[in-house]
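Below: the structure, in structure tokens.
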Amino acid sequence: MTKAVEAALAQLNTVILGKEEQLKLSLACLLAGGHLLIEDLPGMGKTTLSHALAGVLGLQYNRIQFTSDLLPADILGVSIFEKEPGSELGRFRFHEGPVFSQLLLADEINRATPKSQSALLEAMEERQVTVEGETRQLPDPFFVIATQNPVNQSGTFPLPESQLDRFLMRISLGYPSPAAERQLLEGNNHRDKANHLQQQITPEQLSALKQHVQQIHASSSVLDYIQRIIGFTRYDAGYAYGLSPRGALALLQAAKAWALVNQREHVIPEDVQAVLPAVVDHRLADAADGGASSVSAHILANVDVLV
Amino acid sequence: MKAIERPLPRSALLWLLAAGVLVFMPHHSHLPWFFWGMALITTGWRWLMHRGQLPYPNAKTKMAAVVLVGGAVVAGFSGHYSLESAVGFFVAMSLLKTLEMRTQRDGYIVVFLCFFLLATGFLFEQELLWGLLGIVATWVLIGTLVALQLGQQGTGAAKQLGFAVVSRFATGILLISLPLMLVVYLLFPRFGPLWSIKLQSEQAMTGLSDSMSPGDIASLSQSDELAFRATFESGQQPPRNQLYWRALVLDQYDGRSWQRSGSRRNVTWYPEMPEYQVEQLRRAGVEGVTRYEIIQEPTGQNWLFTLRDGGSMEPGIGLTSSGVLVDRRPVFQRKRYRGYGIDGQYARHQLGYVQRRLNLQLPDDGNPRTRAWAQQLWQQNPTADVFVQALLDHFAASFTYTLKPPVLGDDDIDEFLFDTQRGFCAHFAGAFVYAARLVGIPARVVTGYQGGEWNNAENYLTVRQYDAHGWAEIWLDGVGWVRVDPTAAVAPSRIELGLEQALAGEGSFMENSLIKPGQIRSMPWLNQLRLKLESVNYLWHRWVLSYDGERQKSILRSIFNRTDYLYFIWWIIGAVIAVFVVIAALMLAKGPARSRSAERRGWDTLLADCEKAGIAVAASESPLSVLQRLQRQYSSARPALLQLATLMEQRLYAAPSQADAVSSKAVLAAIKQARRALKRAQKLARK
């Protein structure tokens, strides 16, 4: 099974060059059952990555391009009056929106209005949507990979903290290394390549892997470490607010998934440290003054691993 | 941080109200009745507020309540300024404060008010039961503080604290503070009162008064209040007919009542008091020196109690020229003192001219029948001792001892001697002294207490107000002052058995009280219980309430052979500082208080090695990454480091089944090997 993970990573590496760490993180995020937020400048390969992930996992996916005039119905679906063929009568039929898919690519989520954003974010948390009084289950698995532009770009509606909290991880890709960039320039159309990736993980394997993540052992020493981190963000660091219990759970889940991706059956502090920036930075970006990237570095430098 | 007014935790309110009621109780006896109503109203009102059935009072209501209650207090004490009225005002305002409390801060204020009220309560009530109530109240107050404090810790919705949690906490705190309390109680310097506070108005105190007219002592016999308790050096009960506790010598008669003359101001104060007298007697082999110790209830007067020809050896106590003990100050607090009395007969000094004149003083006229009769009797019995015997015989022949004597007119001695012939001790003593003085025998009335109840368990004597008595003393040349008790001639059982037995036929003893002592005594078990309670109460008085500077000194002397409390204060302060210094030193030496396992300590030694070698390791670095770093730096030590990393990872982080397979010993051994390997590698690197 871990072979499948390795193969998937290898496939992804052919599409997104020189970003092994981020690819592992995003895969771990999905294995932990969490939603992923990719934040970067336009043209850094966000969409390519999400396409590649969908392809590797072999999931049925939809893509929504978020714009400022996008309406909730465009995401969730709408009921339309239809005539019965061969009859004068007709009835309302619900047309499922793009949200009814196993993997939803929400491109540039912060370009939509808060109303549309929250329509999606509700679905992310509940894994069901309620339209016109009727509650409909979303497919299983249900992943959301959202991309967004940095909030200081024009034409964006920043996601509030409560909604950022719903994303297990936020990663950013960053500029590629010169070598990777050169390879990119020399190579063929990578986005095209992403659309023709081979499925590496079957749905059965995926659900088994998700199960497996839950069984990864986190010893009391690791839990102590996580609790010290949480405590540090709440009491000692001087942030406006600390990590919520959901944040604590997210950190543990992510660390477990990271351990699995690294083919270990137990969590070690390095796992926690590896996922910490992706899990914590977007949750505490507003709480700390120094800006997003410094939060996890600050925590890592100040929390003892052993007591 | 901004100060936030935290609301009063709901779970603390019940504790607060209970504490308020408990603290109020010791004050009940000296406060006007309406305080009960006020306590009931404020507590009930606050409770209804808590239930949400009444709103919080607004500023106008509060103002009105303060004015109303202030007025009521002033009216209740009829404008007098005394300790009671001051405490009363304080109680009233504290009760009102409970109405107002709304925030946590208010709660703290009320708790501290309650502590103060509790302390003031002991000004008025000091019995054992009140002491126990004080402990309970302290416990409840500590519980209140706990509830106030813990009630805040839950965020958001008020966390309801169970009774069990709070009470366990409070009990713990109380128990921890108990040893300190005992030490402070035993060693804290006992100053004498810096000033005497008039605790209660004199009228309120039951007891002898400084004059005696017929019927005065009879009113005392209706009270079973404690007058004093006495123990004797011998531990034995002296014969009852020796137990004449002299308090006042009344040597001036104005035709109506007996009073003290100016001779009472002629006082010899200790240490000038003739203690040598006793020592002389001892050496001369005179029998019957009775040494006693008294714990006296407050009387508001300065007289003390002494046995015949007695004295005392205590500072602040003096002996008047008429032979009774007085204190320098009125006794407003329970007083403990030692004294002695002499039972044996011996030749005494002469009666001076002034004293003789004083003790023969009579009004010029009145009681004509008595005057004639006394002269006639003197002619028949021309010596003092025979005359006295004849008088006593006369009393014994036809007089009745009663608590309900008829009312007497102007010539009261005439009427008593010839018409009614019914009287209480005051009648007999007064008539006797009057008659003796008429024929030229110096005589005086003495009032005090006679007898008392002996407690066999603890060997002490309880003297109550109904033991009050009046008798006579006459001067016999060559003998001295001799006690004559005319009552004994009429009703010998009064002296031998006590007032209750003497009046058994009349049924007038304590007739106004609901439960008469006789009824209790007729039920053996109840009487046993009563005596047991009395014993406990006595011990409480003896060892706790009358623990004063003297007693403290004697205890310190017997334990440490020192008496200066300053020495002990420095000692205690030193000990406290020493304890804190030791604790602080331990904490500093240990660093942050953490219990560290052997493996952890072993790992620390390895880190210390690294530090020596100039490799900085932050606490925020995971041990595995440290080991990886070392492996890169010292490739020769790699196998040992790898081994250690594997073991540590397994031990610290793997699933229990795997982690348990690695013993602590194995990890320690691996650490040792790794350290050795590192040292070797470092040596290599240096070369």
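The values are calculated or read from the model by the stated rules, or taken from the named source; none is laboratory data. Everything quoted here is computed from the prediction, not taken from an experiment. Backbone-built Cβ (ideal geometry, glycine too); neighbour counts: all protein chains shown.
Points worth noting:
- Flag for A:V267 being β-branched (V, I, T) and either away from every other protein chain (no Cβ under 14 Å) or under 17 Å from B:A619 (Cα atoms) (or both): no
- Residue that is surrounded by the most Cβ atoms within 10 Å (Cβ to Cβ), among those in the stretch B:646-674 that are of a type in the set (D, E, K, R) and closer than 17 Å to B:L624 by Cβ: B:E649
- Inspection of the stretch B:33-55 finds no residue satisfying the criterion of being outside any helix (DSSP H, G or I), out of contact with any His (no Cβ under 6 Å at 6 or more places or on another chain) and surrounded by 14 or more Cβ atoms within 10 Å (Cβ to Cβ).
- Screening B:G409, B:G352, B:G341 for residues that are within 19 Å of B:L248 (Cα to Cα) and at pLDDT below 85 leaves exactly one candidate, B:G341.
- Among the residues of the stretch B:374-403, the ones that are part of a loop (DSSP other than H, G, I, E, B) and touching a residue at least 24 places away in the same chain (Cβ under 8 Å) come to 3 in all.
- Of all the residues in the stretch B:615-657, those that are β-branched (V, I, T) and either assigned to a helix (DSSP H, G or I) or within 60 Å of the chain's Cα centre (by Cα) (or both) number 2.
- So A:A257, is it crowded, with 24+ Cβ neighbours inside 10 Å, in contact with a strand residue (DSSP E or B) (Cβ under 6 Å, 6 or more places away or on another chain), part of a helix (DSSP H, G or I) and more than 12 Å from chain B (Cβ to nearest Cβ): no
- Residue within the stretch B:664-676 that is in contact with a helix residue (DSSP H, G or I) (Cβ under 9 Å, 6 or more places away or on another chain) and over 30 Å from A:S220 (Cβ atoms) present: yes
- Cβ pairs under 9 Å, 6+ apart, first in the stretch B:618-632 and facing chain A (nearest Cβ under 7 Å), second among the charged types (D, E, K, R) and surrounded by 16 or more Cβ atoms within 10 Å (Cβ to Cβ): B:S622/A:E270; B:P623/B:E649; B:L624/A:E270; B:L624/B:E649; B:S625/A:E270
- Candidate set from the stretch B:58-85 (those that are of a type in the set (A, V, I, L, M, F, W, C) and surrounded by 15 or more Cβ atoms within 10 Å (Cβ to Cβ)); member that is nearest to B:G121 (Cα to Cα): B:L83
- Of the residues making up the stretch A:94-131, just one is under 10 Å from A:V144 (Cβ atoms), assigned to a strand (DSSP E or B) and in contact with a Lys or Arg (Cβ under 7 Å, 6 or more places away or on another chain), namely A:L105.
- Any hit, the stretch A:230-242, residues being assigned to a helix (DSSP H, G or I) and within 12 Å of chain B (Cβ to nearest Cβ): yes
- Single residue of the stretch B:471-491 satisfying the filter (among the aliphatic types (A, V, I, L, M) and assigned to a loop (DSSP other than H, G, I, E, B)) that is farthest from B:G323 (Cα to Cα): B:A491
- B:G323 vs. criteria in contact (Cβ under 8 Å) with a residue 24 or more places away in the chain, under 15 Å from B:V267 (Cα atoms) and part of a loop (DSSP other than H, G, I, E, B): yes
- The single residue among A:V272, A:V280, A:V303 that is within 14 Å of chain B (Cβ to nearest Cβ), surrounded by 15 or more Cβ atoms within 10 Å (Cβ to Cβ) and either of a type outside the set (A, V, I, L, M, F, W, C) or without any contact (Cβ under 8 Å) to a residue 60 or more places away in the chain (or both) turns out to be A:V272.
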